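Peer 1: Questions regarding the structure given below will be posed in turn.
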Amino acid sequence: DGHTDKIPINNEFFASNWELSVARAVSVVRFLNSLGIPGNRMAAAGFSKYYPIDPADTPEALRKNRRIEIKLTSQ
């Protein structure tokens, strides 16, 4: 799962935090796939700013919220 901080982004690469969060997730899936993990065993999802682990406005909180979460499940 890809996540962002709450500061809106709009640049030549990402139109919004939604695109950024999805790109983060997809890049991890591609990396894991390059290591041999089958693509049908993974999924990428982006959640933008909507699930912060730290709601504060401090630089540290913003850093914490720019993250990837990997969830493992059994078959």
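The values are calculated or read from the model by the stated rules, or taken from the named source; none is laboratory data. All values derive from a computational prediction rather than experimental measurement. No Cβ is skipped: glycine too gets one built from the backbone with ideal geometry, and neighbour counts run over all protein chains shown.
Peer 1: Condition (residue is among the hydrophobic types (A, V, I, L, M, F, W, C) and loosely packed, with under 11 Cβ neighbours inside 10 Å) applied to the stretch 17-30: is it met by at least one residue?
Peer 2: Looking through the stretch 17-30, none of the residues is among the hydrophobic types (A, V, I, L, M, F, W, C) and loosely packed, with under 11 Cβ neighbours inside 10 Å.
Peer 1: Let me ask something else about it. Give the residue, chosen from ASN17, ASN10, that is more than 30 Å from GLN75 (Cβ to Cβ) and in contact (Cβ under 8 Å) with a residue 24 or more places away in the chain.
Peer 2: That would be ASN17, the only listed residue that is more than 30 Å from GLN75 (Cβ to Cβ) and in contact (Cβ under 8 Å) with a residue 24 or more places away in the chain.
Peer 1: Are any residues in the stretch 5-30 modelled with pLDDT under 95 and assigned to a helix (DSSP H, G or I), and if so, which ones?
Peer 2: Selection gives nothing.
Peer 1: Return the pairs, sorted by first residue and then second, in which the second residue is aliphatic (A, V, I, L, M) and not in a loop (DSSP other than H, G, I, E, B), the first residue lies in the stretch 31-57 and is on the phi > 0 side of the Ramachandran plot and modelled with pLDDT of 95 or more, the beta carbons are less than 8 Å apart, and the residues are 6+ apart or on different chains.
Peer 2: SER48/LEU20
Peer 1: If you don't mind, there's one more thing I want to ask. If I ask for residues that are within 29 Å of LYS6 (Cβ to Cβ) and in a helix (DSSP H, G or I), which ones from the stretch 34-75 would you list?
Peer 2: PRO59, GLU60, ALA61, LEU62, ARG63, LYS64, ASN65
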